[in-house]
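Comments concern the structure below.
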Amino acid sequence: MPTPDIPTYTILEADGQYPEQLLEDQIFNDDPTHAYKVHFVRSTLAPSGTDVRKPWSEIPKDIRDEVDGLMILKLHLGEKNLELFPKVKVVVRMGVGYDVIDRPACAKRDITVCNVPDYGTEDIADHAIGLALSLRRGILLHNDLQRTTPPAPYCPINHPLIARSRGATFGILGLGRIGTAVALRAKAFGWHVIFYDPYLRNGADKAVGVERTKNIKDLFRRSSILSIHCPATRETKNLVDYELLSLLPKDAVLVNTARGEVVDLDAVERCLKEGGLVGAGLDVLPVEPPPEPVHSLIQAYRDRESWLVGRMVLTCHTAFFSPSSLEEIRSKSAQTMREVLIDKLQSNVITPEME
């Protein structure tokens, strides 16, 4: 009898984040569930350590025509980009958020979209707490003022940024995996932790020993530090606007390690200038990298304008980053692609109706 054809899957990691593919080859080929072959290809559209974004059309057509699975980290994947890949069946976003993918366009072509929701949780949570502490303990303030000419006096600074954590209220918008990890860390520092998350089942607050607020305005009214941990959806884009930020107690601190689109930068700038918001730690921006000319708040930060000294830090969407998290996102992305494309499982699938 003739031997049936062995299926071959062409998988493309489009960004070009890593110099080799030993890990991916191992994951795709280890203990196969059936006979198949994998042709794994890396492109270099958004290489590691740069802010380069090359067009999708730079991928040779002979490769694009054969791609069954796409893995992307920093790139945007729109309807026109998808048209370049006539055979693609699965797209894996190498991260938690999937707003960079045109999901309606994928749905039209029955392309399955997946994410990697469980990588880098510890790193992002540590980063959020680090931003909060660097602002609240005056670390950034002293760092900036000791490098002026002449330097500030070598003594404590009586500044509204600086406050004790114990007894203060740490608010969290979105108590998912990362939000929960932040809550546990904040509790360890002595903050009273409250959160708002209308999609979280009852009882999650009791499981981690934090207080649930039923109203988002109540969360903002009570939080001396407000940390954002919700995804960018139609509901949450520009959710954190001037109306909400102006509810924060006087001299509050804002931290965002989630998605830049959730927070209105105009509102942040206005509240910082008015003095209600005393500090802001931003790991994410609405558009990344920020296009020139940059937003006036970013320009003031770059120019070290006196009104903003020690009050703001920008960390370039790197909260997720560590050697360990890179290894984890790489392995989990490949595993998700294998399970969905090759083994026909439903791992980390984002359905069209999901926000």
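Structure above, values below:
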| quantity | calculated |
| --- | --- |
| Any pair with Cβ under 7 angstrom, 6 or more apart, that starts in the range 208-226 at a residue that is under 22 Å from Arg136 (Cβ atoms) and modelled with pLDDT of 95 or more and ends at one that is assigned to a loop (DSSP other than H, G, I, E, B) and open to solvent by less than 10 Å² (accessible area, probe 1.4 Å) | Leu219/Thr213 |
| Filter result for the condition that a residue is without any contact (Cβ under 8 Å) to a residue 40 or more places away in the chain, under 24 Å from Pro291 (Cβ atoms), open to solvent by 10 Å² or more (accessible area, probe 1.4 Å) and out of contact with any Cys (no Cβ under 6 Å at 6 or more places or on another chain), over Gly97, Gly78 | Gly78 |
| Tabulated pairs, the range 155-169, first more than 17 Å from Leu140 (Cβ to Cβ), second assigned to a loop (DSSP other than H, G, I, E, B) and of a type in the set (Phe, Trp, Tyr), C-beta under 7 angstrom, 6+ apart or interchain | Ala168/Trp191; Thr169/Trp191 |
| Sole exception among (1) at pLDDT 95 or above; (2) over 29 Å from Ala105 (Cβ atoms) for Glu327, by number | (1) |
| Given (1) surrounded by fewer than 20 Cβ atoms within 10 Å (Cβ to Cβ); (2) among the acidic types (Asp, Glu); (3) without any contact (Cβ under 8 Å) to a residue 40 or more places away in the chain, number of the condition Asp197 does not satisfy | (1) |
| Any hit, the range 291-312, residues being open to solvent by less than 50 Å² (accessible area, probe 1.4 Å), within 16 Å of the chain's Cα centre (by Cα) and at negative phi | no |
| Number of the exception - Val255 against (1) in contact with an Asp or Glu (Cβ under 9 Å, 6 or more places away or on another chain); (2) of a type outside the set (Phe, Trp, Tyr); (3) more than 14 Å from Val240 (Cβ to Cβ); (4) open to solvent by less than 10 Å² (accessible area, probe 1.4 Å) | (3) |
| Residues that are in a loop (DSSP other than H, G, I, E, B), more than 19 Å from Asn143 (Cβ to Cβ) and free of Cβ contacts under 8 Å to residues at least 12 places away in the same chain, drawn from the range 273-327 | Pro290, Pro291, Glu292, Pro293, Val294 |
| Matching residues, the range 258-272, being in contact (Cβ under 8 Å) with a residue 40 or more places away in the chain and open to solvent by 10 Å² or more (accessible area, probe 1.4 Å) | Ala258, Arg259, Glu261 |
| Subset tally (residues that are among the β-branched types (Val, Ile, Thr), open to solvent by 20 Å² or more (accessible area, probe 1.4 Å) and either at positive phi or in a loop (DSSP other than H, G, I, E, B) (or both)) for the range 4-61 | 5 |
| Pairs where the first residue, in the range 24-44, is more than 15 Å from Gln335 (Cα to Cα) and among the hydroxyl-bearing types (Ser, Thr, Tyr) and the second is open to solvent by 70 Å² or more (accessible area, probe 1.4 Å) and not in a loop (DSSP other than H, G, I, E, B), C-beta under 8 Å, 6+ apart | Tyr36/Thr8; Ser43/Glu58 |
| Single condition His317 does not satisfy, out of (1) surrounded by fewer than 21 Cβ atoms within 10 Å (Cβ to Cβ); (2) under 21 Å from Ala168 (Cα atoms); (3) not basic (Lys, Arg) | (2) |
| Criterion: in contact (Cβ under 8 Å) with a residue 60 or more places away in the chain, of a type in the set (Val, Ile, Thr) and under 30 Å from Tyr9 (Cβ atoms) - qualifying residue of Val113, Val88 | Val113 |
| Residue list for the range 231-272, filter: touching a Ser or Thr at 6+ places or on another chain (Cβ under 9 Å) and part of a strand (DSSP E or B) | Ala252, Val253, Leu254, Val255, Asn256 |
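The values are calculated or read from the model by the stated rules, or taken from the named source; none is laboratory data. Predicted model, so just to flag it, every value in this text is computed and none were measured. Because the Cβ atoms are built from the backbone with ideal geometry, glycine has one as well, and the counts that use them run over all protein chains shown. SASA here: full protein model, heavy atoms, side chains in, ligands and nucleic acids out. Shrake-Rupley method; radii C 1.70, N 1.55, O 1.52, S 1.80 Å.
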